[in-house]
Ligand SMILES: Nc1ncnc2c1ncn2[C@@H]1O[C@H](COP(=O)(O)OP(=O)(O)OP(=O)(O)O)[C@@H](O)[C@H]1O
Ligand SMILES: [Mg+2]
């Protein structure tokens, strides 16, 4: 479903003598099969968001090749958007000043979703994510957790085969977080949606991801199951300690 | 007792997902999206962009107080400017081919245009979204960034036309007796010219906003744009007061399409078709430039923020 082959992205920052190149992502290769739920971990600035931008066709890779749902994200961006859903946890696709429902209506037009399918899916999602209380509330009056549920809904109304999430649980309280996890878990298990999840919350990873990828300084440092990850640092007890250990002493570069 | 997971308490998980019918590979014939205007012209998209315009209208209606404050300011400045212009035209009657009534009308028209034509610049959220990185969300949509912004901007213009253009016009009419065309055709011509003016204004402001993809600090471009728009639109002084070649030049630049040309069409001082032609030419030129710049931005540019 997602194929990344030696992808790299560098940025040129600064000017004049302080001009230099930042390699946000380097030589990144991995494959995600349909139906997988993959956690994408890495310390701040590791290159997670950059990867996600490349996967969604927002950012051109400076090297390598990427294919998502069988399409080149850059060249077939419009077609790709119909097959994937994206949520940037820190940003919103919703119309700030309008009732939540209006943003969903626009999504229906944007993705040309059949009216009946749309109604059915929105009912389902509103039920699962408990949106009914604020469907008619202007988005700017929603709490962060409510807005995030709105954004997830907007990303799923066209029934994408792949869902890419960049920190969807950022800033959520424990209850909302747990609910979000339950929802994503079921989406993957029952609906078969492929999910790639970026998060700094290891609880998300423990609860949801069968497979974890760890990126450090733009390079893939680890790709395997949660148990494999634990086995990398046998001395540590909790997954947090394991990850802290790996962040501070990253595994030898592949 | 089965242990209930805490999350089940949070949202009542009543419904179940129907399992996904395995996709009959949704291959579509590849749509050619290379043309700059494919988004604008494709007919199936019309309801979408009409809806965006409607949302743009409503989005601005959330800021009614600001719009009314703007209308008040525009009216007060209209009155001040009118007095200055009356003094000028009484000293030099027939200046620039206007009589006093024309000059006062021009003054209130240009005040009325400030809102819809967004003569002080801005009006688009795009620049801010580029700087803050929110444009990532916009770029991830299956829509043309430019057409999306145009639709939104037309909605904005329609709203500000109601709230910021009508009041100064009515006050001007009551206090100074401005000219109203009597023939219906004149109103049709004016409407066309006005809408074209808004599109030209959008085309220009979109380019300015898009420049923040390359120039992170856009204060320079914004203030340059402000000066150009104020001075060369006819907002500060009617362009037909500009002497010689400067006047001719100013009359044929895109900014003239925002105030001078629609006002002249309103006053019946300019051949309507010629006016439309110039405005449409600039609208097309700026939109094509905008479309090309959007493509360039998509290719080479950097979306800010994590
Ligand atoms: N627009 C940009 N211009 C220059 N450098 C950038 C840009 N975007 C990202 N970078 C650099 O690329 C690297 C990776 O950034 P990225 O946003 O992908 O990190 P991240 O893994 O998402 O981090 P976080 O967990 O903090 O969100 C960082 O070193 C960052 O400074
Ligand atoms: Mg990030």
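With a simple spin-label model that places each label point 7 Å from the Cα along the Cα-to-Cβ direction, the separation between residue A:117 and residue B:173 comes to 5.0 nm. Taking every DSSP bridge with both residues inside the protein assembly as shown, close to 55 percent are antiparallel.
Relative to the longest principal axis of the C-alpha atoms of chain A, give the angle of the C-alpha long axis of helix A:144-156, reported between 0 and 90° and rounded to the nearest 10°. That works out to roughly 90 degrees. Ranked for footprinting exposure by Cβ neighbours inside 10 Å, fewest first, B:165, B:110 give B:165, B:110. Of the peptides B:241-250, B:78-87, the order by per-residue mean of other Cβ atoms within 10 Å, starting with the highest, comes out as B:78-87, B:241-250. Peptide B:133-139 shows a mean partner chain C-beta count of 6 within 10 Å per residue C-beta. Please list, by residue number, everything in the stretch A:155-184 whose backbone N is under 16 Å from a paramagnetic label point 7 Å out along Cα→Cβ of residue A:206. Hits in the stretch A:155-184 for residue A:206 at 16 Å: A:174-175, A:177-179, A:181-182. Using every alpha carbon pair in the stretch B:222-292, what percent of pairs falls into each 5 Å bin from 0 up to the bin containing the largest distance? Reading upward from the zero bin: 3, 17, 25, 26, 18, 7, 3, 0. Quick check on the stretch B:46-300: take the gyration tensor over C-alpha atoms, sort the square-rooted eigenvalues as a ≥ b ≥ c, and tell me if it's rounded (a/c under 1.5), prolate or oblate. It is prolate, given that a/c is not under 1.5 and a/b is the larger ratio.
Could you rank the peptides A:101-109, A:175-183 by their average count of other C-beta atoms within 10 Å per residue, with the highest value first?
Highest-to-lowest ranking by the protection proxy: A:175-183, A:101-109.
Every helix of 4 or more DSSP H residues in the protein assembly as shown counts as -39500 (n - 2.57), and over all residues that averages to -16500 deg cm²/dmol at 222 nm.
Please report A:112, A:48 as a ranked list, fewest other C-beta atoms within 10 angstrom at the top and most at the bottom. Intermediate results must be reported in sequence, preceding the final value.
Numbers: A:112 14, A:48 24.
Ordered from fewest to most neighbouring Cβ atoms within 10 Å, A:112, A:48 come out as A:112, A:48.
Relative to the longest principal axis of the Cα atoms of chain A, the long axis of helix A:174-191 lies at roughly 90 degrees.
What average number of partner chain Cβ atoms lie no more than 10 Å from the Cβ of the residues making up A:203-216?
Values: counts 0, 0, 0, 0, 2, 0, 0, 0, 0, 0, 0, 0, 0, 0.
So the per-residue partner count for this stretch is 0.
Per residue of A:126-137, other chain Cβ atoms within 10 Å of the residue Cβ number 2 on average. For the protein assembly as shown, the alpha carbon convex hull comes to 173 Å³ per residue, rounded to a whole number. In terms of its C-alpha gyration tensor, the stretch B:110-154 has an oblate overall shape, because the principal axis ratio a/c (a ≥ b ≥ c, square roots of the eigenvalues) is not below 1.5 and a/b does not outweigh b/c.
With N set to the residue count of the stretch B:53-152, report its C-alpha Rg divided by 2.2 N^0.38 Å to two decimal places. Mind showing how you got there, number by number?
Working: Rg = 19.1 Å, N = 100, 2.2 N^0.38 = 12.7 Å.
Compactness ratio reported: 1.51.
Computed over chain A with a Gaussian network model linking Cα atoms closer than 10 Å, the most mobile of A:203, A:16, A:39 is A:16.
Taking Cα atoms only, the orientation of helix A:239-248 departs from the longest principal axis of chain A by about 50 degrees. Ranked for footprinting exposure by Cβ neighbours inside 10 Å, fewest first, A:212, B:200 give A:212, B:200.
FYI, it's all coordinate maths here, none of it is from the lab. The model shown is predicted, which means the values in this text are computed figures rather than measured ones. Cβ coordinates were reconstructed from backbone atoms using ideal geometry, including for glycine residues, and neighbour counts include every protein chain displayed.
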